[in-house]
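One structure is given below, encoded as structure tokens.
The values are calculated or read from the model by the stated rules, or taken from the named source; none is laboratory data. Note that the structure is a prediction, hence the values are computed from the model and not measured. Backbone-built Cβ (ideal geometry, glycine too); neighbour counts: all protein chains shown.
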Amino acid sequence: VEIRKITYVIPCYNESDVLPEIYRRMTHIAGELAAYEFEFLFVNDGSSDRTSEILNAVAEKDNRVKVLHFARNEGHQMALTAGMDFATGDAIVAIDADLQDPPELVKEMLEKIKEGFEVVHAQRRKRPGETFWKLFTAWLFYKLMSWTSSYRVIENCGDFRAFTRPVLMAISSFRERHRFMRGIFSVIGFRQCIIQYDRDVRYAGKTKYSFRKMLGFAINGILSFSASPIKIIAWFSFLLLGSSLIYFGKSLVDHFVYKVTAPGWTSLVTLLIFLTGINLCCLSIIGSYIIRIFEQGQRRPLYWLRDTKNINFAEIDSNAREIEEVKLYYNTFSSK
């Protein structure tokens, strides 16, 4: 694959303390790899700090810096989606803005692409600065994904990866609202490989992933790429049905053979509450799938923008209808 232009896609949410440093490091890389053209595509995910001001100021003095400003916070996965929709490079590097993932790893990624690989995943060897609880829940999440999904999601591998333009076009055709990019990359195929690296501590600021967001992300990943929860419900229902038939048979024997009336109002009420809870749990799982069908059927845009900087719509080659709507909006606005 011939690579002339490299696009960094960087989702940002309240990262004003980090942006000057990541811009400095990426421009340094661009200077070292002078044979390539570079594009730095920042996606401002509805930040409430000075992220917008800093990105606009950098874009004013460097036309390699492209900025998408979301009208509201849509989440990390949607910000990645928007960045991929607007990326124009032959190779795309998706990376978080917190500098835990080193942008310099692009050199090793490019070598793998030159060898013929089309997706290069960056897998973490070490994760300093992260709590035991976070490491344990991450391990548990990947184990659950391996047990429940028919697709292989690479363990200890986040959204830091490089891929070629054909892969980008394939990814752009996935327009589901509840997005799990790691799962999508495991589905599409192509020639993929893994490189390992030691993760750094966050350069500045605080993590934006609370436990509630991490739990929602894990649930979304499982529900988006596996029907196992529905299958578990089916098997559990058969288990309960079998147990109830066995207990019913025992009660008949006690009553007609041993002339003993089965006691236990307390156990009966406890069992009733337990089964009611199980029923509600099963309904909520089924309802989660139905909600996804409902929201996908509405066909609303995945995201919408309030502003862009240095975006040339003529360069963009994508099948995302969001881009067509953004073009229409800006053409209408600029004609007034």
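All but one of (1) at pLDDT 90 or above; (2) touching a helix residue (DSSP H, G or I) at 6+ places or on another chain (Cβ under 8 Å); (3) of a type outside the set (Phe, Trp, Tyr) hold for Thr27; state the number of the condition that does not hold.
Status for Thr27: all satisfied but (2).
Select from region 1-53 the residues that are without any contact (Cβ under 8 Å) to a residue 40 or more places away in the chain and either basic (Lys, Arg) or on the phi > 0 side of the Ramachandran plot (or both) and list them in ascending order.
Answer for region 1-53, where residues must be without any contact (Cβ under 8 Å) to a residue 40 or more places away in the chain and either basic (Lys, Arg) or on the phi > 0 side of the Ramachandran plot (or both): Arg24, Gly46, Arg50.
In region 285-316, which residues are under 18 Å from the mean Cα position of the chain (by Cα) and either assigned to a strand (DSSP E or B) or of a type in the set (D, E, K, R) (or both)?
Of everything in region 285-316, those that are under 18 Å from the mean Cα position of the chain (by Cα) and either assigned to a strand (DSSP E or B) or of a type in the set (D, E, K, R) (or both) turn out to be Arg292, Glu295.
In region 147-261, which helices (runs of 4 or more DSSP H) lie fully inside it and hold 2 or more residues that are in contact with a strand residue (DSSP E or B) (Cβ under 6 Å, 6 or more places away or on another chain) and at pLDDT 75 or above?
Correct list: 165-172.
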